[in-house]
Amino acid sequence: MKISDVKEVFRNIYNRDARIYIAPGRINLIGEHTDYNDGFVLPAAIDKHVIYGLNENGSNKYRFHAVDLDQTFEAQAGKLIQADLGWPNYLMGVIDQLNRAGHDIPGFDAVVTSDIPIGAGLSSSAALEAGLATGLNEIYNLNIPKLDLVKLSQRAENEFVGVNCGIMDQFASVFGKSGHVFRLDCRSLDFEYFPLKLNGNGIVLVDTRVKHSLGTSEYNTRRQECELGVSLVAEGNAQVKSLRDVTRDMLESVRERFDPVVYKRCDYVVGEIDRVQKACEDLVAGRIEDFGEKMYETHEGLSKDYEVSCEELDFLVDFTKKDPDILGSRMMGGGFGGCTINIIKETGIPSFRENVSEAFKNRFGHPPLFYDVKVDDGVRQFYE
Ligand code: GLA
């Protein structure tokens, strides 16, 4: 659906004009499950978006219409209750956070559509939150700084939706910059943009089109396992506040106190935090092959130690190992389905797509989907 269509739908339903906001999804080159451990990530916003048509309605009602689902939802200001439908919770979560920050949000109407595939690990939910937070901030002149919009969008998901996600996705949706990835220090929230130059290689996303239902509960469990690990290491090292403060030697020295599962979770995270730093050096120096190797290491850790991969993702990553045009491949995002991210020589992309499509279909009964994405700017109002 195009922006002009959103305007038209809004006009048809609400008989007024809308202001348009677009919020991107994201990719993440490396640094998975590190954000909520105060580590580093290397994401970028992409040219797939949630599009909102928004405007005040002069009442105390919030009226939402999701074009793609053809569903409508209504809520009353001051009386937000979790909805069974699912998607309205991302929107109400944002209003709830604005209320908690002391902002009254009078009634408004929203039409929303998205071309970010849901459940593919491209952060459609963060885009829903960041888009609404930004739109309401501007419509009601709240003057909330961008970083606070990121934080409240994350809290909306933590508290209203119930997914204890880290800050990466909302950050990328707000601070993305065309042509650039950025390294985010999830502790200090300092970040640095790097031009995404892949020296004749391209990024291809391959979507398994599966989303295993365990995703959310296992995600929250991983967070708890990391926290448990931190508390064990912190017993003898009071300065340890998160896995960011932990080295492999420190972990090793208290290994006998660890449950083996918790140990391997922490071992993965500690290794990954370090790997992102080195991978950034590779990227800046143009060592794309070394960068790709690190993506494979990340996948190995996510699959064997962190155990958030699945058969379909592992199959896709293994398949790439036979193809000399592929420099790196790994699952991306929270896991249990969704996409792999692959760095491939431009010239090898068509044959890779053909081969992997056939092999995947033979194995799982359906072909994967492919997304060609460009690295885009963060959330913004759209003007004609
Ligand atoms: C999801 C979460 C992020 C991050 C990734 C894993 O996308 O929303 O905060 O934890 O998983 O890296």
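List of remarks:
- Per-residue ³J(HN,Hα) for the range 247-252, Karplus 6.51 cos²θ - 1.76 cosθ + 1.60, θ = phi - 60°, Hz, x for Gly and Pro: 9, 4, 5, 4, 4, 4
- Put simply, when 253-266, 24-37 are sorted by average Cβ atoms within 10 angstrom per residue, most first, you get 24-37, 253-266.
- Normalised by the number of residues in the range 193-311, the mean separation of alpha-carbon contacts (under 8 Å, six or more apart) gives a relative contact order of 26 percent.
- Relative to the longest principal axis of the Cα atoms of the chain, helix 146-155 runs at roughly 80 degrees.
- Calculated accessible area for the chain comes out at 42 Å² per residue, all protein chains present (probe 1.4 Å; ligands, DNA, RNA ignored).
- Shape call, the range 3-196: gyration tensor on alpha carbons, a/c limit 1.5: prolate
- If you take the Cα centroid of the range 160-205 and the Cα centroid of the range 1-18, the two points sit 31 Å apart.
- Taking the Cα centre of the range 208-273 as reference, the dipole from Cβ charges on Lys and Arg (+1) and Asp and Glu (-1) amounts to some 360 debye.
- Against the main long axis of the alpha-carbon atoms of the chain, helix 288-300 sits at an angle near 90°.
- Prolate/oblate/rounded call for the range 187-241, Cα gyration tensor, a/c under 1.5 rounded: oblate
- In order along the range 28-34, the phi-based Karplus estimate (6.51 cos²θ - 1.76 cosθ + 1.60, θ = phi - 60°) of 3J(HN,Hα) comes to 9, 6, 7, x, 10, 6, 9 Hz; Gly and Pro are listed as x.
- Counting only DSSP beta bridges whose two residues both lie in the chain, roughly 90 percent are antiparallel.
- By the helix-only formula, in which each DSSP H run with n ≥ 4 contributes -39500 (n - 2.57) and the sum is divided by residues, the chain has a 222 nm mean residue ellipticity of -12500 deg cm²/dmol.
- Normalised contact order of the range 3-196, rounded percent, pairs of Cα under 8 Å and 6 or more residues apart: 28 percent
- Length-normalised contact order of the chain in % [C-alpha pairs under 8 Å, at least 6 apart]: 23 percent
- For a label point 7 Å along the Cα-to-beta-carbon line of Ala285, residues of the range 317-331 with backbone N under 19 Å: 327-328
- Shown in residue order for the range 8-24 are the 3J(HN,Hα) couplings computed by the Karplus curve 6.51 cos²θ - 1.76 cosθ + 1.60 at θ = phi - 60°: 5, 4, 4, 4, 5, 7, 10, 6, 9, 8, 10, 8, 10, 10, 10, 10, x Hz (x for Gly and Pro).
- Between the range 91-145 and the range 324-384, the Cα center-to-center distance that results, in Å: 28 Å
- Charged-residue dipole, Cβ positions (Lys, Arg, Asp, Glu), the chain about Cα centre, Debye nearest 20: 520 debye
- Nearest 10 degrees, 0 to 90: helix 124-139 Cα axis against the chain principal axis: 40 degrees
- Sulfur and carbon atoms: percent of accessible area, the chain [1.4 Å]: 46 percent
- Under 5 Å between amide hydrogens, built in the peptide plane, is the criterion, and for Gly328 it picks out Ile343 among residues at least 5 positions away or on other chains.
- Charge dipole of the range 3-196 (Cα centre as origin; +1 on each Lys and Arg Cβ, -1 on each Asp and Glu Cβ, all else neutral): 300 debye, rounded to the nearest 20.
The values are calculated or read from the model by the stated rules, or taken from the named source; none is laboratory data. Quick caveat, the model's predicted, so the values are computed rather than measured. Virtual Cβ from ideal backbone geometry, glycine too; neighbours counted across all protein chains shown. These area figures cover heavy atoms from the full protein model, side chains too; ligands, DNA and RNA do not enter into them. Shrake-Rupley method; radii C 1.70, N 1.55, O 1.52, S 1.80 Å.
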